[in-house]
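Here's the structure we're looking at; comments come further down.
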Amino acid sequence: MAHARPVDGYRRGVHDYADMLLATLTPFPVVCFTLALLTDLAYWRTSYLMWQHFSAWLLLVGIVVGGCALLVSIIATLTHRPGHRWSHIGLGVLVLALAFLNNWSTPGTDGPLSCRVASCSPH
């Protein structure tokens, strides 16, 4: 059985797949962090607890997917892929650290996975 070749005749390497994976993963944290800001503003205006929960979950998803994108970027940089710079990785670590601190330092909460008294009570 012959191996299928791409239509353009170009064999894809590991670096090409890393670039495609980065292009897929990178928009998720940007969107999640932007929506978390909007839901924080909605919570500030309404004091409705649902917005705080949305913000916590959006931050969690942004941190997890951003961490995956950061890991792929580090691997691509360590394999000497041109175009990937350590400054981008440093900024990514900074953004994820700030999002992590914002998510778990909110007064009265322990992050998105904790059960809050007001929202988890059976009554």
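A few comments on the model shown:
Residue-wise test of (1) among the hydroxyl-bearing types (Ser, Thr, Tyr); (2) under 23 Å from TYR17 (Cα atoms).
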{"residue": "ALA42", "(1), (2)": "no, no"}
{"residue": "ARG45", "(1), (2)": "no, no"}
{"residue": "MET50", "(1), (2)": "no, no"}
{"residue": "PHE54", "(1), (2)": "no, no"}
{"residue": "TRP57", "(1), (2)": "no, no"}
{"residue": "LEU60", "(1), (2)": "no, no"}
{"residue": "THR79", "(1), (2)": "yes, yes"}
{"residue": "TRP86", "(1), (2)": "no, yes"}
{"residue": "GLY90", "(1), (2)": "no, yes"}
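- Going through (1) loosely packed, with under 11 Cβ neighbours inside 10 Å; (2) within 14 Å of the chain's Cα centre (by Cα); (3) not charged (D, E, K, R) one by one, GLY92 falls short only on (1).
- Any hit, segment 56-66, residues being in a helix (DSSP H, G or I), under 23 Å from PRO27 (Cβ atoms) and at pLDDT below 80: no
- Residues (among the hydrophobic types (A, V, I, L, M, F, W, C) and more than 11 Å from the chain's Cα centre (by Cα)) located in segment 58-76: LEU71, VAL72, ILE74, ILE75, ALA76
The values are calculated or read from the model by the stated rules, or taken from the named source; none is laboratory data. Keep in mind it's a predicted model, so treat the numbers as computed, not measured. Heads up, the Cβs are rebuilt from the backbone with ideal geometry, glycines too, and the neighbour counts pull from every protein chain shown.
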